[in-house]
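Heads up, the thing below is written out as structure tokens.
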Amino acid sequence: MLRAIGKSGSRRNGTAELRDRGRKPGTIIPVIYGFLNQKGGVGKTTGSVNVSMELARRGRKVLHIDADPQESSMDWARARADAEHPLLINVIHYARNTLHRDIAGHVDHYDDIVVDGPGRGDDALTRSAMLAVDMVVIPITPSGLDTWASSQVIDTVQLTREYKPDLVAAFLISRRINNAVITRDIKRGLADVDQVRLLETSIAQRVAYAESMSVGQAMYEYAPGSAGDDEIVSLTDELEHQWADSAHR
Ligand SMILES: Nc1ncnc2c1ncn2[C@@H]1O[C@H](COP(=O)(O)OP(=O)(O)O)[C@@H](O)[C@H]1O
Ligand SMILES: [Mg+2]
């Protein structure tokens, strides 16, 4: 989703102001989404790649930044190149804790930017990525439900908000197996987490996610019209709406 600088009601936070400096009113700058959670295997790469591809399907010019030293998004992009599918999004690897400063060099060239964050042991990278983004999506899995509310990523959100009070953050239930149990447990836990919303869309555990990623495709290419395709469409819609709502608070 695009936003214009200097429009009345547009949201300003520290990073946005840094990026906005010196631009003419009316200039369009991208919204930067980050899929971040220091816990590995929660679906950051799967979710971020699919959202980037969905944004591209909507006609946007997307930069996908792989901020993980393990290069999972890059592996996807390499598989895609090997299969000779059109790239559709620009995927770059940038796993340095200066991302929050260096991302400014990219914002002029894209409609949307999506950051795929690192996993365990890369706290400085996650902190830098969180400073770089406008909206944090925190994928959490059912197996981690008992601990997520007090997890490292929540500490990072709170720390980041000392510098960026308007940081938008939302949980995404990922790799969902049993809906009823999750809803009950999440709602109970959510009450304890300050200003981190729970997205209504959740991502189910589906073999097609793993399969599509391994062949360098998006869910909408691998299984068009499937429930997984619908999930990503509704996740992307929701992210855009969350952003729009926060921008006019
Ligand atoms: N919704 C899903 N359904 C099935 N498998 C998934 C799903 N999300 C992720 N996976 C698989 O789980 C593993 C970890 O997912 P990944 O997106 O790489 O997580 P992270 O980036 O948080 O480490 C990968 O093998 C991936 O294919
Ligand atoms: Mg990953």
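Got at least one residue in the stretch 20-38 being more than 16 Å from ligand 1 (Cβ to nearest atom), at pLDDT below 95 and assigned to a helix (DSSP H, G or I)? Checked the stretch 20-38: at least one residue is more than 16 Å from ligand 1 (Cβ to nearest atom), at pLDDT below 95 and assigned to a helix (DSSP H, G or I). Looking only at the stretch 209-249, which residues are of a type in the set (Val, Ile, Thr) and either in contact with a Pro (Cβ under 6 Å, 6 or more places away or on another chain) or in a helix (DSSP H, G or I) (or both)? Scanning the stretch 209-249 gives Ile232, Val233, Thr236.
Residues in the stretch 104-130 that are β-branched (Val, Ile, Thr) and either part of a loop (DSSP other than H, G, I, E, B) or at pLDDT below 95 (or both): Val107 only.
Here Ala79 does not fit the description of being out of contact with any His (no Cβ under 6 Å at 6 or more places or on another chain) and without any contact (Cβ under 8 Å) to a residue 40 or more places away in the chain.
Contact map, the stretch 52-75: first residue of a type in the set (Lys, Arg), second residue surrounded by fewer than 17 Cβ atoms within 10 Å (Cβ to Cβ), Cβ cut-off under 7 Å, separation 6 or more or different chains; the map is empty. For the stretch 43-79, taking the residues that are within 16 Å of ligand 2 (Cβ to nearest atom) and basic (Lys, Arg), the one that is surrounded by the fewest Cβ atoms within 10 Å (Cβ to Cβ) is identified as Arg78. For the stretch 81-103, taking the residues that are in a strand (DSSP E or B) and of a type outside the set (A, V, I, L, M), the one that is nearest to Leu63 (Cα to Cα) is identified as Asn90.
Restricting attention to the stretch 158-169, which residues are of a type outside the set (Asp, Glu) and either within 16 Å of ligand 1 (Cβ to nearest atom) or farther than 11 Å from Gln195 by Cα (or both)? Hits for the stretch 158-169 are Leu159, Thr160, Tyr163, Lys164.
Taking every residue in the stretch 114-139 that is without any contact (Cβ under 8 Å) to a residue 60 or more places away in the chain and among the hydrophobic types (A, V, I, L, M, F, W, C) and pairing it with any residue that is assigned to a helix (DSSP H, G or I) and within 13 Å of ligand 2 (Cβ to nearest atom), at least 6 positions away or on another chain, yields no pair with a Cβ-Cβ distance below 7 Å.
The values are calculated or read from the model by the stated rules, or taken from the named source; none is laboratory data. None of these values were measured; they are calculated from a predicted model. Neighbour counts are summed over all protein chains in view; Cβ atoms, including those assigned to glycine, are modelled from backbone coordinates with ideal geometry.
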